[in-house]
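Everything on this sheet refers to the single structure shown next.
The values are calculated or read from the model by the stated rules, or taken from the named source; none is laboratory data. The shown structure was predicted, so the numbers you read here are calculated from the model rather than taken from an experiment. Counting neighbours? That spans all protein chains shown, and the Cβs are built from the backbone with ideal geometry, glycine included. Keep in mind that these areas ignore ligands, DNA and RNA; they rest on the heavy atoms of the full protein, side chains included. Shrake-Rupley method; radii C 1.70, N 1.55, O 1.52, S 1.80 Å.
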Amino acid sequence: SNEKKVLFTIFGGTGDLAQRKLYPSLFRLYKKGKLGDHFAVIGTARRPWSDAHYREVVATTIQSLNPTQAEAKEFASHFYYQSHDVNDSKHYNTLKKLADRLDATYHLNGNRIYYLAMAPKFFGTIVAHLKSQKIVTENGYNRLIIEKPFGSDYQSAFELNHKIRQVFPEQDIFRIDHYLGKEMIQNISAIRFANNIFESQWNNRYIDNIQITFGEALGVEDRGNYYDHSGALKDMVQNHILQVVALLAMEPPVVFSEKEIRTEKIKALKAIRIYEKEEALKNFVRGQYAPGELENRSFKGYREEDKVAPQSTTETFVAGKFLIDNFRWSGVPFYVRTGKRLTEKGTRINIVFKQVPVNVFKTSIDEPCKDTSLSPNVLTIYIQPTEGFSLTLNGKKVGQGFNTTSRKLEYRNSAEMVENSPEAYEKLLLDALKGDGTNFSHWEEVAQSWHIVDVIRKAWDQVAPEFPNYKAGTMGPVAAFELLEQDGFKWIWQP
Ligand code: NAD
């Protein structure tokens, strides 16, 4: 059978992430037989819950997956709760005893996955205790899954990594970037490497520019505490957006394996230009939302949000231009933007191809053609909320004369299909169970991403921003549009 034998220990087992993502994902794996009789989960957090209460909570979190009562009960019976303060060494001894007992009961062969679903400030101490209190086993594997953010700049990321590497070798560290588990992000590679018409054009001779948008319609919601100290640059660009840039820009791997893909991604990241201060200020713009209205709903400004400083200078929007100094991409701007309280939620990539060398439709011998402009060919990859891709081509407008018009070939997965496809977290958990780190961020990728982002952050920190500078419900500040206009381009996606 392909059942995995393992003990999960989830630090932060009462938290939002555990309840919304982890338990439902484990249940989906259970339904598919990837987890069976030989798995157990220890949930730990500070609250003094009983096993019975914990199991009720777990059963509730999987209700939307429509389990039978017996199924839910049987699944939840694998869950054990241990109240635990991660700063208290004594508690790790209790944890060890429970882990060893479950290992024996369920015949888990010492295989352990530790999932840190907690604030990153605790990562260092948890990991150190796993070793000093001998919770890591010698007979099986020991793997660590950690959530973002991984550090708040290169230096802090380096220190955190150093602590973790005292206990876990790189191959056993699974740094989650949940976007890497998404169907259409993984599809970037299929589109590129399985279609000759694209890969043969995938360079600076045929591509004008690439645009990546990670738009959110929501505001900061209840994350003000965290977000006001982070901002969009660190929250989105350093991790998700740069990972997508790497996947779009990398050379074809020799084979589609973790090691080979990793090598190519790191090379791509290393080719991204690290800006001097002036370049950073010119190529990256930031924004913060002011109150605004959209479709008869009105929204607060960021500074009025809960747990946000009233004079906050945190950016809720970033737009920028990355330049990649290698043979393939030299001269092709990669524009990125992300923000909260934008017009529409949506993550998508637009690959904008160069125009034909001469527009032969612009004149005729007898009379000039009215419609003189051709649209560029654009390949769009839709990542969320719908998944799919489209390609815009020019065709002839029906009727007299010869005018062109742009047409879209489109493939989008139905909402139903998206619903039934495995969740990002489900895929990533299964990858970790298999020991496959392809869809996780390697230390070298994290480090290089921080180098790229740190100079932008530093440049911004020396100049007071004029915030707020965009209305809630719009696609960001004027500067974000000017950024492309200066280069003779425009954002393809303008909801
Ligand atoms: P949360 O605040 O809901 O949960 C935190 C958990 O940590 C709780 O179970 C709490 O009891 C426990 N905890 C706090 N202090 C403790 C201590 N001293 N000892 C033992 N337990 C303690 O947080 P969350 O939203 O679940 O996020 C967890 C991590 O996941 C964070 O790193 C966050 O950045 C990351 N993350 C969360 C989401 C999400 O959707 N919630 C998405 C991406 C990343």
*For the stretch 121-138, indicate whether the set of residues that are basic (Lys, Arg), away from the ligand (no atom under 16 Å from the Cβ) and open to solvent by 40 Å² or more (accessible area, probe 1.4 Å) is non-empty.*
yes
*Go through the stretch 443-469 and give me each residue that's part of a helix (DSSP H, G or I) and of a type in the set (A, V, I, L, M).*
VAL446, ALA447, ILE452, VAL453, VAL455, ILE456, ALA459
_Looking at LYS96, LYS90, LYS121, LYS73, can you tell me which residue is basic (Lys, Arg), touching a Lys or Arg at 6+ places or on another chain (Cβ under 7 Å) and over 22 Å from GLY437 (Cα atoms)?_
LYS96
*strands (runs of 3 or more DSSP E) wholly inside the stretch 366-442 containing at least 2 residues that are aliphatic (A, V, I, L, M)*: 378-384, 388-396
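Any residue at all in the stretch 217-238 that's touching a His at 6+ places or on another chain (Cβ under 9 Å) and under 21 Å from GLN448 (Cβ atoms)? Give the derivation first.
Filtering the stretch 217-238 for residues touching a His at 6+ places or on another chain (Cβ under 9 Å) gives none.
Looking for residues that are touching a His at 6+ places or on another chain (Cβ under 9 Å) and under 21 Å from GLN448 (Cβ atoms), one finds none in the stretch 217-238, hence no.
Condition (residue is open to solvent by 50 Å² or more (accessible area, probe 1.4 Å), more than 16 Å from the ligand (Cβ to nearest atom), closer than 16 Å to THR105 by Cα and not small (Gly, Ala, Ser)) applied to the stretch 6-17: is it met by at least one residue?
Within the stretch 6-17, none of the residues are open to solvent by 50 Å² or more (accessible area, probe 1.4 Å), more than 16 Å from the ligand (Cβ to nearest atom), closer than 16 Å to THR105 by Cα and not small (Gly, Ala, Ser).
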*asked:* Exactly one of these conditions fails for ILE185: (1) of a type in the set (A, V, I, L, M); (2) over 25 Å from the mean Cα position of the chain (by Cα); (3) open to solvent by less than 20 Å² (accessible area, probe 1.4 Å). Give me its number.
replied: (2)
_Unique residue being within 30 Å of GLN166 (Cβ to Cβ), more than 22 Å from the chain's Cα centre (by Cα) and not small (Gly, Ala, Ser) when the list is LYS434, LYS458, LYS490, LYS471_ = LYS458
*Taking the stretch 43-64, which residues are within 28 Å of the chain's Cα centre (by Cα) and at pLDDT 95 or above?*
GLY43, THR44, ALA45, VAL57, VAL58, ALA59, THR60, THR61, ILE62, GLN63
*Would you pick out the residues in the stretch 470-495 that are hydrophobic (A, V, I, L, M, F, W, C), open to solvent by less than 60 Å² (accessible area, probe 1.4 Å) and not in a loop (DSSP other than H, G, I, E, B)?*
ALA479, ALA480, PHE481, LEU483, LEU484
_Take the residues in the stretch 98-152 that are aromatic (Phe, Trp, Tyr) and out of contact with any Pro (no Cβ under 9 Å at 6 or more places or on another chain); name whichever of them is nearest to PHE39 (Cα to Cα)._
TYR106
*What pairs can you find where one residue is in the stretch 302-314 and under 19 Å from LEU233 (Cβ atoms) and touching a residue at least 60 places away in the same chain (Cβ under 8 Å), the other is open to solvent by 40 Å² or more (accessible area, probe 1.4 Å) and not charged (D, E, K, R), and their Cβ atoms are less than 9 Å apart, with a gap of 6+ or different chains?*
TYR302/PRO468; ARG303/ALA309; ARG303/PRO310; ARG303/GLN311; ARG303/PRO468; VAL308/ASN225; THR313/ALA464; THR314/HIS229
*Taking the stretch 31-88, which residues are away from the ligand (no atom under 14 Å from the Cβ), of a type in the set (Ser, Thr, Tyr) and either surrounded by 16 or more Cβ atoms within 10 Å (Cβ to Cβ) or assigned to a helix (DSSP H, G or I) (or both)?*
THR60, SER64, TYR80
*Name the strands (runs of 3 or more DSSP E) wholly within the stretch 227-302 that hold at least 3 residues that are surrounded by 20 or more Cβ atoms within 10 Å (Cβ to Cβ)?*
284-287
